[in-house]
1. For the stretch 75-90, indicate whether the set of residues that are farther than 28 Å from ALA130 by Cα, acidic (Asp, Glu), part of a helix (DSSP H, G or I) and open to solvent by 50 Å² or more (accessible area, probe 1.4 Å) is non-empty.
2. Going by the conditions given, is VAL63 touching a Cys at 6+ places or on another chain (Cβ under 8 Å), part of a helix (DSSP H, G or I) and open to solvent by less than 90 Å² (accessible area, probe 1.4 Å)?
3. Surrounded by fewer than 11 Cβ atoms within 10 Å (Cβ to Cβ), among the hydrophobic types (A, V, I, L, M, F, W, C) and closer than 26 Å to LEU128 by Cβ: which single residue out of CYS7, CYS56 fits that description?
4. Any chance the stretch 11-34 includes a residue that's open to solvent by less than 50 Å² (accessible area, probe 1.4 Å), over 23 Å from ALA129 (Cβ atoms) and part of a helix (DSSP H, G or I)?
5. Check ALA108, ALA129, ALA115 and return the single one that is surrounded by 13 or more Cβ atoms within 10 Å (Cβ to Cβ) and small (Gly, Ala, Ser).
6. Do you know which residues across the stretch 68-83 are among the aliphatic types (A, V, I, L, M) and at pLDDT 95 or above?
7. In the stretch 91-105, which residues are open to solvent by less than 70 Å² (accessible area, probe 1.4 Å) and without any contact (Cβ under 8 Å) to a residue 60 or more places away in the chain?
8. Take the residues of the stretch 39-51 that are open to solvent by less than 80 Å² (accessible area, probe 1.4 Å), at pLDDT below 95 and not in a strand (DSSP E or B): which is nearest to LEU91 (Cα to Cα)?
Amino acid sequence: MHTDCYCILLRTAARKVTAIYDEALGPIEVNIAQFSLLRRIARKAPISLTDLAALCDLDRSTVGRNAKVLERKTLVAVTKAKDQREACLTLTEAGRQVLEAGAPLWDAAQTRLTAAIGPDAIVSLKTLAAGC
């Protein structure tokens, strides 16, 4: 008996969805992972790398690497937290401008994805992301 591996199907779909968002965000020169971090930083700033990683459900090292890229692009500022052992992130003016310019691009990607897979599939994605 042959059945498709759901894990591989989802991973393949995730790469294709990522490509849709990355293409849409191309004009502002950030990818979807970076844009998502910028949005979360904007909502919670100042936020520590540890708290941001927990919020994103990512490893702290992954968030730290992406934060360094955003800092090099001058989109975030890194400061010391109250206990001096932790770094905190805030948006710079350039970061705010990227978020503003990216919002309609992100909206277009959302619309494209909804049209491609339908609203019922979006509900299923949300259920799956919430932990089935």
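The values are calculated or read from the model by the stated rules, or taken from the named source; none is laboratory data. Just so we're clear, the structure is a prediction, and the values are computed from it rather than from any experiment. Cβ placement follows ideal geometry from the backbone for every residue including glycine, while neighbour counts extend to all protein chains displayed. Just the protein is used for accessible areas: all its heavy atoms, side chains included, with ligands, DNA and RNA removed. Shrake-Rupley method; radii C 1.70, N 1.55, O 1.52, S 1.80 Å.
1. No, the stretch 75-90 contains no residue that is farther than 28 Å from ALA130 by Cα, acidic (Asp, Glu), part of a helix (DSSP H, G or I) and open to solvent by 50 Å² or more (accessible area, probe 1.4 Å).
2. The answer is yes for VAL63.
3. CYS7
4. Within the stretch 11-34 (the criterion being open to solvent by less than 50 Å² (accessible area, probe 1.4 Å), over 23 Å from ALA129 (Cβ atoms) and part of a helix (DSSP H, G or I)), the answer is yes, since at least one residue qualifies.
5. So the residue among ALA108, ALA129, ALA115 that is surrounded by 13 or more Cβ atoms within 10 Å (Cβ to Cβ) and small (Gly, Ala, Ser) is ALA108.
6. Of everything in the stretch 68-83, those that are among the aliphatic types (A, V, I, L, M) and at pLDDT 95 or above turn out to be VAL69, LEU70, LEU75, VAL76, ALA77.
7. Selection gives LEU91, THR92, ALA94, GLY95, ALA103.
8. Among them, the one singled out is ALA45.
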